[in-house]
Amino acid sequence: MPNVRIPTPLRKYTQGREEVTIAGQTVGSVLDGLEQSYPGIKERICDEAGKVRRFVNVFVGEDDIRFLDNLATAVKDSDEISIVPAIAGG
Amino acid sequence: MLPTGREQLLTDLRPARAVRTDSIVDLVGNTPLVRLHHIERDAPGVEIWAKCEFCNPAGSVKDRAALRIVRDALERGLLRPGVRLIDSTSGNTGIAYAMVGAALGVPVTLVMPENVSAPRKQVTTAYGVEIVYSSPMEGSDGAIRLAHELVEREPDRWHYADQYKNPNNPLAHYHTTAPEIWQQTGGRVTHFVTGIGTSGTVVGTSRRLHELDPAIRCIAIQPDDAMHGLEGMKHLPSSIVPAIYDPSVLDDTIWMPTDEGWDMAERLAKEEGLFVGHSSGGNVAGALRVAKQLSAEGRRGVVVTILCDRGDRYFVPLRWEKRYLW
């Protein structure tokens with residue numbers, strides 16, 4: 001199952017876990033699975049229309065999904081999905 | 001009768017920028033104050049002004065703190081040969097240290113989260129600094145922890161500048177930003193509104209403005225959520241709280257949604273010709289909230305905020321060409 005890397009501000013949903021494995025064939029289905037396991041987390045990543053919020057970056061490996069197929073981007077079991085927020089001050 | 005300190009400041013008006021100078025670091029500070037005529041139309045009767053901190057030589061408000069921090073360390077003999085200045089940074093302070101370090105001959109090492117924008121990495125590298133990357137998943141707190149570890153491991157190798165703890169960070173604003181605002185508004189400033197990164201700008205400026213006129217309201221801005229997109233701003237409830245943060249000098253805090261700040265950044269470019277970063281957008285959005293409140297109460301006011309840096313610092317060049325959607 002794909003590995004999902006969770007950033008610090010979202011770890012309160014994952015009981016502090018930095019990485020979780022979630023089944024899914026696309027980034028979108030992995031995020032849905034993430035929500036099932038950790039309720040409340042998806043709305044921090046996606047807006048009401050279900051699209052990734054414009055200030056959140058989701059990567060499959062090294063690639064931003066905006067330059068792939070967004071939430072329809074296919075993922076393999078060996079893939080790593082990273083949810084990367086903006087950087088705080090200083 | 002001798003003028004009081006606040007009167008003296010008003011008569012000490014200097015030209016906004018030097019026209020000839022010995023060193024690039026002499027160009028830090030004395031930034032222009034620009035009136036936001038189009039934005040302030042939303043709040044009739046209230047003026048909104050912004051400090052153009054992108055006019056600093058390394059392009060951001062952080063030049064002020066970096067210069068004072070490095071000068072202080074040099075004066076106290078903490079940067080003897082073989083010692084490198086090290087600090088954690090999300091970008092702008094790093095660029096500022098890089099410029100000041102190059103100009104004053106101080107070797108610099110920066111600890112930055114790996115996901116800082118490509119332009120920030122490129123600019124700091126151009127000045128010849130060494131960069132150590134921390135985890136992109138841990139944000140600026142991860143960079144702070146890694147800097148601590150490096151310094152603990154080899155204490156003799158480093159001078160840890162620690163912008164989050166260093167009193168020279170707020171002092172830079174106490175001694176420069178606040179008096180400039182006082183002079184540039186002719187002592188008319190009624191409200192000062194700006195975001196918290198290290199909190200150096202808002203704490204230092206507010207402390208001095210309150211001394212000059214206790215009636216001035218000083219208001220901080222924080223992102224409304226831990227998961228936010230106002231790069232450069234800090235959500236303190238979910239972060240390592242900087243030691244220099246002093247809420248006693250603040251009258252209020254505005255909790256800013258990312259979208260409101262981003263929309264204002266776009267509006268500033270289109271309506272005012274000011275292409276600035278998202279934190280500046282958040283700052284002006286906060287200033288406008290304060291101005292609207294005053295206007296709704298039928299009160300006048302002179303609201304001052306900070307334009308931290310330019311928008312082009314956030315370009316991701318190749319991807320921009322692919323119609324990068326923020």
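The values are calculated or read from the model by the stated rules, or taken from the named source; none is laboratory data. Keep in mind the model is a prediction, meaning the values are calculated, not measured. Reconstructed Cβ throughout: ideal geometry from the backbone, glycine too, with neighbour counts over all protein chains shown. Quick note on the areas: whole protein, heavy atoms, side chains included, nothing else; ligands and nucleic acids left out. Shrake-Rupley method; radii C 1.70, N 1.55, O 1.52, S 1.80 Å.
Find the accessible area per residue for the stretch A:3-84; the probe is 1.4 Å, ligands and nucleic acids are left out, and the unit is Å². Per-residue value: 50 Å². Accessible surface of residue B:47, taken over heavy atoms with a 1.4 Å probe and every protein chain present, rounds to 30 Å².
Extension gain for residue B:7-residue B:80 works out to 22.1 nm (0.36 nm per residue, less the C-alpha to C-alpha distance).
Beyond 22 Å in Cα-Cα separation lie the following of the pairs B:51/B:270; B:62/B:121; B:62/B:234; A:12/B:234; A:51/B:121: A:51/B:121. Distance between the pseudo-spin-label points of residue A:1 and residue B:275 (7 Å out from Cα toward the beta carbon): 4.6 nm.
Peptide B:222-230 is shielded by partner chain Cβ atoms: per residue, an average of 6 of them sit within 10 Å of its Cβ. Which of rounded, prolate or oblate describes the stretch B:62-160 when judged by the alpha-carbon gyration tensor and an a/c cut-off of 1.5? Oblate is the answer for the stretch B:62-160, as a/c is 1.5 or above yet b/c matches or exceeds a/b. Sorting A:63-71, B:176-184 by their mean Cβ neighbour count within 10 Å, with the most densely packed peptide first, gives B:176-184, A:63-71. Classification of the stretch B:152-287 by its C-alpha gyration tensor yields an oblate form. The axis ratio a/c (a ≥ b ≥ c) is 1.5 or more, and b/c is at least a/b.
Taking the 1.4 Å solvent-accessible surface of the stretch A:3-84 as the whole, the part contributed by carbon and sulfur is 45%. I need the shape label for the protein assembly as shown. Rule: rounded when a/c is under 1.5, else prolate if a/b > b/c, else oblate, with a, b, c from the alpha carbon gyration tensor. Cα axes put the protein assembly as shown in the oblate bin. Per-peptide packing, taken as the mean over residues of other Cβ atoms within 10 Å, places B:287-294, B:221-228 in the sequence B:221-228, B:287-294 from highest down.
Where the alpha-carbon atoms of chain B are placed on the principal axes, they occupy 59, 58, 39 Å, in descending order. For residue B:279, the solvent-accessible surface computed with a 1.4 Å probe is close to 10 Å², ligands and nucleic acids excluded.
Contact order for chain B, expressed relative to its length and based on alpha carbon pairs under 8 Å spaced 6+ residues apart, stands at 22 percent.
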